[in-house]
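Below: the structure, in structure tokens.
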Amino acid sequence: MSSKRSTAGSRLWTGGRLATLAGDSGWGLVEDGALLVDGGLLRWVGPSADAPAAEEIIELHGALVTPGLVDCHTHLVYGGNRADEFEQRLHGASYADIARAGGGIRSTVAATRAASEAELLAAATKRARALMREGVTTLEVKSGYGLSAATEARMLRVARQLAGLGVDVRTTYLAAHALPPEFSDADDYIAAACQWLPELHAQGLVDAVDAFCEHIAFSPAQVARVFDAARQLGLPVKLHAEQLSDQGGAQLAARYQALSCDHLEFLSPAGVQALAQAGTVAVLLPGAFYALRETQLPPIAALREAGVPIAIATDHNPGSSPTLSPLLMLNMACVLFRLTPEEALRGLTVNGARALGLRDRGQLVAGQRADFCVWDGAHPRELAACFGHNPLIQRVYQGVQGGS
Ligand code: NIG
Ligand code: FE
């Protein structure tokens, strides 16, 4: 890739193979395509031969261009690690066994509470940079390892600071993740978590509210109380639903017009219909499915048939999905869940954005944000077919080349 002039202002990337993902299906391929960028937005997308003039021309030499990747589900801010639990699971303990014995999320809560804000930021910065090196331009980060007003706020502040790296960060309040050790009654804890939310929201730290609805976490009735608190503040909701069992979480989330339901291995036919009617995105997390050696597949065919938008994400966290590779998730979504490569890439771009309530990104279409990736490849299916290999040449964030 070479640049002819360095004047600020409009820039034309030309001579690329564009996978625009325009419309609801198909790759939207433009062979020998160009993108005009100005003011951080895509102003024009089409064949290079028809491209308008620009102050600067950047030659792509046939490289592949896709929208920037949107990782819509991560737990990127935390202290410690849980490789010990990886070994325990190899010896036969299940994720739920470890959680019930006080490990799992609660072990990360202890390590996160013990870490300073600076330590959390340093660790999360390395992780965010790793995601960015594989093309992530929008990143969601959940709280949920603090589980007190002060430590949830600390996590959310750290997450927000990651935006300084040159990535758009969305923060999600996930206090209803696990019961902290100082509470013995889950209902009392839920009441506290609902009380903390308005202040965190007033500080501008919360874009959405999430909960973990599961037999090892919180019941649908408890989650409903959290969602009511979100609704009072006008905040959208999301849900960790039907990961280990069918709790009817999807139906509950749909009643609150949730942006997304995530995991969904045990999603029922009624849950699929509820998501379809509410327009809720199904976020599939192949990293957690793989690492926990799950065998129950999410109901992909039923989701497709019902027209539920499917997103995929890393679910980066120290326990169930300690991956920092969105590209590996593309491959796993195809190999493990049988998504098509196009469905997988839509899942990590336009549908990932939709799972965050964002409609201004995820496709290479005039008017969208100029967040895109330039790859060493001839066809976008190569991104899903290969694994353990990073073909990113250039990551462009709001029209600025960030490098790989
Ligand atoms: O999305 N399922 C609940 N929450 C996370 C895991 C958190 C953890 O194990 O630390 C998830 O997989
Ligand atoms: Fe998660």
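Of the residues making up the stretch 15-32, those that are open to solvent by 80 Å² or more (accessible area, probe 1.4 Å) and not in a strand (DSSP E or B) are 24, 25. Suppose the filter is out of contact with any strand residue (DSSP E or B) (no Cβ under 7 Å at 6 or more places or on another chain), within 16 Å of ligand 2 (Cβ to nearest atom) and not acidic (Asp, Glu); does residue 74 pass it? So residue 74 does not fit the description; no.
Looking at this structure, is residue 111 within 16 Å of ligand 1 (Cβ to nearest atom), modelled with pLDDT of 95 or more, out of contact with any strand residue (DSSP E or B) (no Cβ under 7 Å at 6 or more places or on another chain) and open to solvent by less than 70 Å² (accessible area, probe 1.4 Å)? Answer is yes for this residue. Looking only at residues in the stretch 232-249 that are of a type in the set (A, V, I, L, M, F, W, C) and assigned to a loop (DSSP other than H, G, I, E, B), the one that is modelled with the lowest pLDDT is 244. Here residue 245 meets each of (1) surrounded by fewer than 24 Cβ atoms within 10 Å (Cβ to Cβ); (2) away from ligand 1 (no atom under 15 Å from the Cβ); (3) not hydrophobic (A, V, I, L, M, F, W, C) with one exception, condition (2). Given the criterion more than 30 Å from residue 206 (Cα to Cα) and either free of Cβ contacts under 8 Å to residues at least 24 places away in the same chain or touching an Asp or Glu at 6+ places or on another chain (Cβ under 9 Å) (or both), identify the matching residue among 380, 286. One residue alone meets the criteria, 380.
Screening the candidates 165, 121, 131 for the property of being in contact (Cβ under 8 Å) with a residue 12 or more places away in the chain and within 21 Å of residue 83 (Cβ to Cβ) yields one hit, 131. Being modelled with pLDDT under 95, among the hydrophobic types (A, V, I, L, M, F, W, C), more than 30 Å from residue 394 (Cα to Cα) and open to solvent by 10 Å² or more (accessible area, probe 1.4 Å) is the requirement here; does residue 96 meet it? Here the answer is yes, as residue 96 does meet what is asked. Each residue in the stretch 226-236 was checked for being surrounded by 17 or more Cβ atoms within 10 Å (Cβ to Cβ) and over 23 Å from the mean Cα position of the chain (by Cα), and 1 pass.
Given the structure, is residue 59 surrounded by 12 or more Cβ atoms within 10 Å (Cβ to Cβ) and either aliphatic (A, V, I, L, M) or in contact with a Pro (Cβ under 9 Å, 6 or more places away or on another chain) (or both)? Considered against the rule, which asks whether it is surrounded by 12 or more Cβ atoms within 10 Å (Cβ to Cβ) and either aliphatic (A, V, I, L, M) or in contact with a Pro (Cβ under 9 Å, 6 or more places away or on another chain) (or both), residue 59 comes out as no. The one condition from (1) within 25 Å of residue 137 (Cα to Cα); (2) touching a Leu at 6+ places or on another chain (Cβ under 9 Å) that residue 335 does not meet is (2).
Hey, among the residues in the stretch 362-404 that are polar (S, T, N, Q) and crowded, with 19+ Cβ neighbours inside 10 Å, which one's farthest from residue 36 (Cα to Cα)? Here the residue is 394.
For the stretch 26-85, the set of residues classified as of a type in the set (Val, Ile, Thr) and either more than 16 Å from ligand 1 (Cβ to nearest atom) or under 23 Å from residue 310 (Cα atoms) (or both) consists of 30, 37, 45, 57, 58, 65, 66, 70, 74, listed by residue number.
When each of 127, 106 is tested for being within 27 Å of residue 330 (Cα to Cα) and open to solvent by 10 Å² or more (accessible area, probe 1.4 Å), the lone residue that passes is 127. On the given criteria, is residue 243 within 19 Å of residue 74 (Cβ to Cβ) and in contact (Cβ under 8 Å) with a residue 24 or more places away in the chain? Yes: the conditions hold for residue 243.
Across the stretch 168-194, the qualifying residues are those that are free of Cβ contacts under 8 Å to residues at least 40 places away in the same chain and open to solvent by 50 Å² or more (accessible area, probe 1.4 Å), and the one among them that is nearest to ligand 2 (Cβ to nearest atom) is 183.
The values are calculated or read from the model by the stated rules, or taken from the named source; none is laboratory data. Predicted model, so just to flag it, every value in this text is computed and none were measured. A quick note on method: Cβ atoms are made from the backbone with ideal geometry, for glycine too, and the neighbour counts reach across all protein chains shown. Only protein heavy atoms, including side chains, enter the accessible area calculation; ligands, DNA and RNA are left aside. Shrake-Rupley method; radii C 1.70, N 1.55, O 1.52, S 1.80 Å.
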